[in-house]
1. So which helices of the chain fit the span-like rule, where a helix is a whole DSSP H run, its Cα atoms reach 30 Å or more along the axis, and its mean Kyte-Doolittle is at least 0.0?
2. If you place +1 on the Cβ of every Lys and Arg, -1 on the Cβ of every Asp and Glu, and leave all else neutral, what size is the dipole of segment 306-365 about its Cα centre, to the nearest 20 Debye?
3. At 1.4 Å probe size, with every protein chain present, just tell me what the per residue accessible area of segment 120-230 comes to in Å².
4. In Å², what does the accessible area per residue of segment 263-438 work out to with a 1.4 Å probe?
5. Which trypsin sites (Lys or Arg not before Pro) from segment 408-475 combine a DSSP loop assignment with at most 15 other Cβ atoms within 10 Å?
6. What number, rounded to the nearest 500 deg cm²/dmol, is the helix-based mean residue ellipticity at 222 nm of the chain, given -39500 (n - 2.57) per DSSP H run of at least four residues and division by all its residues?
7. When you count, for each residue, the other Cβ atoms within 10 Å and take the mean per peptide, how do 383-390, 181-188, 444-451 rank with the highest first?
8. Please sort 57-68, 287-298 by packing, taking for each peptide the average over its residues of neighbouring beta carbons within 10 angstrom, highest first.
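The values are calculated or read from the model by the stated rules, or taken from the named source; none is laboratory data. Note that the coordinates shown come from a computational prediction; the quantities given were computed from them, not determined experimentally. Cβ coordinates were reconstructed from backbone atoms using ideal geometry, including for glycine residues, and neighbour counts include every protein chain displayed. The protein model used for the area step is the full one, side chains on, heavy atoms only, and it has no ligands, DNA or RNA in it. Shrake-Rupley method; radii C 1.70, N 1.55, O 1.52, S 1.80 Å.
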Amino acid sequence: MTNHTSFVLPAATIAGMRVDASNREAGNAIHNASTGEIIGWQEHADAAQVDAAVRAAHGALDAWRNQPPVARGKVLRRIAELLAANRAQLSSMQQQVSGKPPLEADTDVSDAIATFDYYADLCADASLFAADTLALPDDTVTGERHYEAVGVAALIVPWNFPMVTTAWKIAPALAAGCTAVLKPSEFTSPVEHRLAEIVTAAGVPDGVVNLVNGGGEVGALLAAHPLVDKISFTGSTAVGRKVMQAAAQDMKRLTLELGGKSALIVRADADIEHAVALAVGGAFTNAGQMCSATSRIIVHDDVYRKFVAAFEAAVRALVVAPPHIGNVAMGPLVSRAQRERVQALLEQGIAGGAAIAFSGALENACAEGFFMAPVVIAEPDTANVLWTEEVFGPVACVKSFRTDDEAIALANDTRYGLVATVATRDEDAARRYRRALRAGLVWINTPQLIFPQVCWGGLGLSGIGRELGVAGLRSYQELRHAIVSRGSDLA
Ligand code: NAD
């Protein structure tokens, strides 16, 4: 364990109890991304502790799923209230660990609150949980349909929106009547530990939500555990494949929210100032560490020069700085390793022929943290790694097009399919793009708005299944049917 740290997170929280690591050396340091300093230490769970966490969730399952949905909804509402009451603390923890600008950290808290509130509302709608009858073309029988909790859910999340991706899983899992074992990312777990405390304080019974700390090995142990019925995983496509293989052994139910390589299309009729705002937000929010980053910006020839000039001015004006600096617009990357990964990919792209058109600048206060200035590449080859691979950092590419068909073909020329954005003032064109773009969610002239009512998830390598919305609830339920004879002799 490292000295001079201000906190130590336990290896696990199982049935409401803090569980320390069997080997106190097994763990990792938590950094402040804006200063590079070590601010804490997190212990890692061992195989026995992962097993104990899953068994605790299994033991708590029947009592929790047999509660009326309305009762579960009240607990979810209480979680939302406690998140709101702890907003300042949760926001500042995110700023400290990830270096998110205050507005972004605060938006994450708002998103988590809205998610718990939404699933609290769904719990109040008895029709989503009650059995209903089906009209069948045979009057000697009746059909019945109902949904029931899948069981124990393993929830594995990344570091880029830690509280948000976790809320998107815990809220529907609890609403459905599942119990859970959460594995946060090893880089950003403090906020999830606080969230777990809030979940307990809200009245979620012991054992219903458990937490295990660790890296990929701990995630793998959890994904392979035979008492886990469902895995909801958010992370890279590469790890998603491993999780899918682990799920195959026991036919575990699976939701995968994976990577992306999304496009922003700027048509000739777009409001250019607005399109530039969409480009900056889509590529550089959270320092580009977004599965939904629109890092391929496709601009009509007629407005290309005008767009690129305005985009350059906006990127050069972006204040890249630690969260405490006034009007900060972009923070650091999450870790030194992530910055090295992004820079290596950038160098690979340049070696492959990509040229930097312009970049932003770093404030003086960025010297010690994991900062990287935003970079824009103009007209890369479509085979260039910066055009094809998810960079997960502040690197965007701009490319021109002449016809809508060409723009659609460029946007769809990827095996991912998470989101897309279109800037246009032409309603017919907008309608056409909405249908033609292969993406789970298309924004037309809006920034990347997210509502818990709207499902999230992608096509192709971006994953399987949907989170949020009613589909998000259903993903933690099994659909079951019965066909019952109306025969009076059975009465
Ligand atoms: P990652 O895949 O490296 O890790 C994600 C989580 O999986 C972490 O908790 C990690 O410890 C765990 N893990 C690692 N190996 C594992 C294994 N073998 N079995 C089980 N768990 C394992 O991803 P990351 O670097 O933390 O996050 C970045 C990635 O997440 C990007 O590719 C991004 O696109 C994706 N992401 C997707 C969405 C979405 O909604 N589609 C949202 C956020 C992030």
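1. Details: long enough: 102-124 (33 Å, 0.14).
Going by DSSP H runs, the hits are 102-124.
2. Working: 5 positive and 4 negative charges, 15 e Å.
Here the size comes out at about 80 debye.
3. On the way: 3350 Å² over 111 residues.
Dividing the accessible area of segment 120-230 by its residue count gives 30 Å².
4. On the way: 7210 Å² over 176 residues.
That works out to 41 Å² per residue.
5. Numbers: sites: ARG415, ARG425, ARG431, ARG432, ARG434, ARG435, ARG438, ARG466, ARG474; in loops: ARG415, ARG425, ARG438, ARG466.
Counting only loop positions with at most 15 other Cβ atoms within 10 Å, the trypsin sites (Lys or Arg not before Pro) in segment 408-475 are ARG415, ARG425.
6. On the way: 15 runs with 196 residues, N = 491.
Helices in the chain give a 222 nm mean residue ellipticity of -12500 deg cm²/dmol.
7. Working: 383-390: 18.4, 181-188: 25.4, 444-451: 14.2.
Order by mean packing, descending: 181-188, 383-390, 444-451.
8. Numbers: 57-68: 17.2, 287-298: 26.5.
Final packing ranking: 287-298, 57-68.
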